[in-house]
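Reading through the structure tokens given below for one structure.
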Amino acid sequence: MAEQIQGIRGMGDVLPGDTQIWQSVEAVLQQTMQAYVYQEIRIPIVERTELFERSIGEVTDIVEKEMYSFADRNGESISLRPEATAGIVRAGISHGLLHNQKQKLWCAGPMFRYEKPQKGRYRQFHQFDVEALGYEGPDIDAELIMMSARIWSELKLDAVELQLNSLGTLQSRKKYRDVLTEYFSSHEDVLDADSRQRLHRNPMRILDSKNPEMEPVIQRAPKINEYLDSASANHFEVLQQLLSDAGIAFTVNPRLVRGLDYYTRTVFEWVTDRLGSQGAICSGGRYDGLVEQLGGKSTPAIGWAIGMERLVELHKLSGRTDAGNERHVYIVAVGDEASRTGFRIAETLRSEHPNLCVEMNSGGGGFKSQFKRADRSGAALALILGEEELKSELIGLKALREEGIQKQVALADLNTAIVDFLQSSTNTN
Ligand code: ATP
Ligand code: MG
């Protein structure tokens, strides 16, 4: 036998049992986008490396250590996208979408970061991303957060908690940065190598350190809220008011700085304690300077991204994923003649009931083995054809999940029986 080829570390497959769960989560996300009238945008998976260096920031974990960057055949440095915002802004600028217009957008797909793979942290992972471009006020910050809260409630997740902070403007942050540099300089002996390197280039990144030994010195560091400019403080105040009005609980966390340089004013994270140390399921913030930084006209904007692997995992833990499908019927047909009739019936049902899932038994077999497959398929109803049924132009119906119908109807009445079945399954939902 030939040697097996291994997949790439940290890049997983989503197997058939799981894709169903992913799809049901994706359906909730897309319905929510419709409800808030956000439109989908699709962007490439690779961009020029420079795009990420200039937006995410050169002194960040992502750009310093996590990007998949390589030279293409022409010698140009390109990178697999580590996140979607930079690409969306690039697309918005180059297609004139931000010219005298506002945009409410969403985007979904794989992202790539060379991190240490572990539960909830992968090298290829998926994000569901929302961006509102051209909106300045705290009302849109509230809308984005309310939208995410609605997703949790649609999925009936309750173990999620909102953390909120304001980083002020790029200008007001300079002052804080100086104070922070001074503070950490006076504690340089306890800083790790990474933090020491960042001390003068990007001291705020030190607050984002995941090294537990750094925690005490970070805890005692000056807090950013004392350095907010008054417009940012007011923006933050109004946002908190709007969230309270909407009944959304939150905690203000002055240590929340987020791992990307482009954030201004509002930043937030939805966290859960159910997923171990990888607890952030959705993170985002305002990035009022980014469009200009990438060569566009100054445009305020805000966005968030959900980590899909973490959200799907949390959804699974909630135990609310459906095992079977109440619109799924399985045709059990024993014998050549019955199979032919079964095939014909399957196609007719698919034409007449577009929301019915019709699975025709494949691979032959007797009643026993076909019923086993029907059971395993997750179907709610078996349609049964054998020689007996054919002779008398009948078809059997048998509920597979719970106590329910078990009867025979004339082939000519199958349609009515299916309509009844569909109705009873929507009633019990
Ligand atoms: P973390 O603090 O967990 O590293 P982050 O601040 O780097 O997260 P963002 O860049 O804001 O995360 O990405 C948004 C969301 O994407 C995160 O909240 C998380 O759910 C998810 N995410 C980020 N990195 C990974 C990864 N390597 N594997 C799986 N999900 C991830
Ligand atoms: Mg990270």
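Note down the relative contact order for the stretch 325-428 as a percent, whole number, built from C-alpha pairs under 8 angstrom at least six residues apart.
It comes to 29 percent, rounded to a whole number.
Past 31 Å, Cα to Cα: identify those pairs from Lys104/Lys156; Lys116/Lys297; Lys156/Lys223, in the order given.
Lys116/Lys297; Lys156/Lys223
Give me the angle, in degrees from 0 to 90, between the Cα long axis of helix 336-352 and the longest principal axis of the Cα atoms of the chain, rounded to the nearest 10.
The answer is roughly 50 degrees.
Do any GluC sites (Glu not before Pro) in the stretch 17-105 lie in a loop, going by DSSP, with at most 11 other beta-carbon atoms within 10 Å of their beta carbon, and if so which?
Here the GluC sites (Glu not before Pro) that fit, given the DSSP loop and packing criteria, are Glu76.
Under a cut-off of 16 Å between alpha-carbon atoms, report the aspartates and glutamates in cross-link reach of Lys372, not counting same-chain residues fewer than 8 places apart.
Candidates past the 8-residue exclusion: Glu359, Glu402.
What do you get for the angle between helix 230-245 and the principal long axis of the chain? Use alpha-carbon atoms, 0 to 90 degrees, nearest ten.
For helix 230-245, the angle is close to 30 degrees.
Can you give the percent of C-alpha pairs in the chain whose distance is more than 36 Å?
More than 36 Å apart: 41 percent of the Cα pairs in the chain.
List, largest first, the extents of the alpha carbons of the stretch 325-428 along their principal axes, each in whole Å.
So the three principal-axis extents are 36, 28, 24 Å.
Under 5 Å between amide H atoms, partner at least 5 residues away or on a different chain: which partners does Ile405 have, H built in plane at 1.01 Å?
Ala399
Bin width 10 Å, alpha-carbon pairs only: give the P(r) of the stretch 143-210 as whole percents, running from 0 to the bin holding the largest distance.
Taking all Cα pairs of the stretch 143-210, the binned fractions are 17, 33, 21, 22, 8 percent.
Using a Gaussian network for the chain with springs between C-alpha atoms less than 10 Å apart, which of these wobbles most: Asp229, Asp288, Asp413?
Of Asp229, Asp288, Asp413, the most mobile in the Gaussian network model is Asp413.
Of Lys65/Lys119; Lys119/Lys210; Lys316/Lys398, which ones are farther than 24 Å apart at the Cα?
Violating the 24 Å limit, Cα to Cα: Lys316/Lys398.
Taking amide H positions as placed 1.01 Å from N in the peptide plane, with prolines and chain starts having none, which residues 5 or more places from Leu394, or on another chain, fall under 5 Å of its amide H?
Leu411
Output the relative contact order of the chain, whole-number percent, from Cα pairs under 8 angstrom with separation of 6+ residues.
That works out to 14 percent.
Do any GluC sites (Glu not before Pro) in the stretch 326-429 lie in a loop, going by DSSP, with at most 16 other beta-carbon atoms within 10 Å of their beta carbon, and if so which?
Loop-located and lightly packed - Glu393, Glu402, Glu403.
At 0.36 nm per residue, minus the direct Cα-Cα distance, what do Arg344 and Ile5 gain on full extension? Give it in nm, one decimal, please.
Fully extending the segment from Arg344 to Ile5 adds 117.9 nm.
On a straight-distance basis, which aspartates and glutamates could pair with Lys407 in a cross-link, Cα separation under 15 angstrom, same-chain partners fewer than 8 positions away excluded?
Glu388, Glu389, Glu393, Asp420
Once you have the Cα-Cα distance between Gln118 and Ser351, take 0.36 nm times their residue separation minus that, and quote the gain in nm to one decimal.
79.3 nm
Since every read-out is calculated from the coordinates, none of them should be taken as a lab result. What you see is a predicted model, and the numbers here were worked out from it, not measured in a lab. In this analysis, Cβ positions are derived from the backbone assuming ideal geometry, glycine residues included, and neighbour counts consider all displayed protein chains.
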